[in-house]
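**Q** One structure, as structure tokens, below. Some questions next.
The values are calculated or read from the model by the stated rules, or taken from the named source; none is laboratory data. A quick note: this is a predicted structure, and the numbers were derived from the prediction, not measured. Here Cβ is always computed from backbone atoms with ideal geometry, including for glycine, and neighbour counts include all displayed protein chains. Note: accessible area is taken over every heavy atom of the protein model, side chains too, but ligands, DNA and RNA are not part of it. Shrake-Rupley method; radii C 1.70, N 1.55, O 1.52, S 1.80 Å.
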Amino acid sequence: QVQLVESGGGLVQAGGSLRLSCAASGRTFSNYAVGWFHPTPVQECEFVAAISWGSGRTNYSDRVKGRFTISRDNAKNAVYLQMNNLKPEDTAVYYCAAGGSYRYPNPSEYNYWGQGTQVTVSS
């Protein structure tokens, strides 16, 4: 089992930045790809970004590419999502998840999920 806890969410004005953290405990976290997802009115679980378990290869949705950066520190059992130039449409609860594919991030294939952290972007 892997337990994930997100933090770093909050209220920010459009154009601002936030850094989300995903702290892991339990089984060897470094063996898993990690992704960030959030629900939308249209999609139950929209992909945001993912990072591979070993080489740190990354993948981003077109919507956040160039604005968000995902990174990981396996020594600290942590993954981060740096969110810059935030927009009101980024408002959501953001979840980190582990165990799926970073390249083909299907939420149903991620086995472990955190409880989420709220990001609110005001216009």
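**Q** Which residue pairs have Cβ atoms under 7 Å apart, sit 6 or more places apart or on different chains, and have a first residue in region 104-121 that is closer than 16 Å to Ser7 by Cβ and in contact (Cβ under 8 Å) with a residue 60 or more places away in the chain and a second that is open to solvent by 50 Å² or more (accessible area, probe 1.4 Å) and assigned to a loop (DSSP other than H, G, I, E, B)?
**A** If the second residue must be open to solvent by 50 Å² or more (accessible area, probe 1.4 Å) and assigned to a loop (DSSP other than H, G, I, E, B), the pairs left are Val119/Thr91; Thr120/Thr91.
**Q** Does Val48 meet the test of being open to solvent by 10 Å² or more (accessible area, probe 1.4 Å), modelled with pLDDT of 95 or more, among the hydrophobic types (A, V, I, L, M, F, W, C) and assigned to a strand (DSSP E or B)?
**A** no
**Q** Same structure, new question: If we keep just the residues of region 5-26 that are outside any loop (DSSP other than H, G, I, E, B), aliphatic (A, V, I, L, M) and within 18 Å of Ala92 (Cα to Cα), which is most open to solvent (accessible area, probe 1.4 Å)?
**A** Among those that are outside any loop (DSSP other than H, G, I, E, B), aliphatic (A, V, I, L, M) and within 18 Å of Ala92 (Cα to Cα), it is Leu11.
**Q** Tell me which residues, restricted to region 79-93, are of a type in the set (S, T, N, Q) and in a loop (DSSP other than H, G, I, E, B).
**A** Passing the criteria: Asn84, Asn85, Thr91.
**Q** Let me ask something else about it. Mind listing whichever residues of region 56-65 are without any contact (Cβ under 8 Å) to a residue 40 or more places away in the chain, farther than 16 Å from Val93 by Cα and either of a type outside the set (D, E, K, R) or open to solvent by less than 40 Å² (accessible area, probe 1.4 Å) (or both)?
**A** Answer for region 56-65, where residues must be without any contact (Cβ under 8 Å) to a residue 40 or more places away in the chain, farther than 16 Å from Val93 by Cα and either of a type outside the set (D, E, K, R) or open to solvent by less than 40 Å² (accessible area, probe 1.4 Å) (or both): Gly56, Tyr60, Ser61.
**Q** Consider Trp53 against the criteria (1) open to solvent by 50 Å² or more (accessible area, probe 1.4 Å); (2) over 18 Å from Ala23 (Cβ atoms); (3) part of a loop (DSSP other than H, G, I, E, B); (4) of a type outside the set (Asp, Glu): it satisfies all of them except one. Which criterion is unmet?
**A** Condition (2) is where Trp53 drops out.
**Q** Hydrophobic (A, V, I, L, M, F, W, C), part of a strand (DSSP E or B) and on the phi < 0 side of the Ramachandran plot: is that true of Ala75 in this structure?
**A** So Ala75 fails the test.
**Q** May I pose another question? What is the one condition in (1) within 14 Å of the chain's Cα centre (by Cα); (2) at pLDDT below 95 that Ser55 does not satisfy?
**A** (1)
**Q** Next question, about the same structure. Within region 1-43, track down each residue that is more than 16 Å from Tyr80 (Cβ to Cβ) and touching a Gly at 6+ places or on another chain (Cβ under 6 Å).
**A** Residues satisfying the conditions are Gln1, Val2, Gln3.
**Q** What residue, of Phe29, Phe37, is open to solvent by less than 20 Å² (accessible area, probe 1.4 Å), within 17 Å of Gly100 (Cα to Cα) and either acidic (Asp, Glu) or touching an Asp or Glu at 6+ places or on another chain (Cβ under 8 Å) (or both)?
**A** That would be Phe37, the only listed residue that is open to solvent by less than 20 Å² (accessible area, probe 1.4 Å), within 17 Å of Gly100 (Cα to Cα) and either acidic (Asp, Glu) or touching an Asp or Glu at 6+ places or on another chain (Cβ under 8 Å) (or both).
**Q** Moving on. So, of the residues in region 66-97 that are open to solvent by less than 10 Å² (accessible area, probe 1.4 Å) and touching a Gly at 6+ places or on another chain (Cβ under 6 Å), which turns out to be farthest from Phe37 (Cα to Cα)?
**A** Leu86
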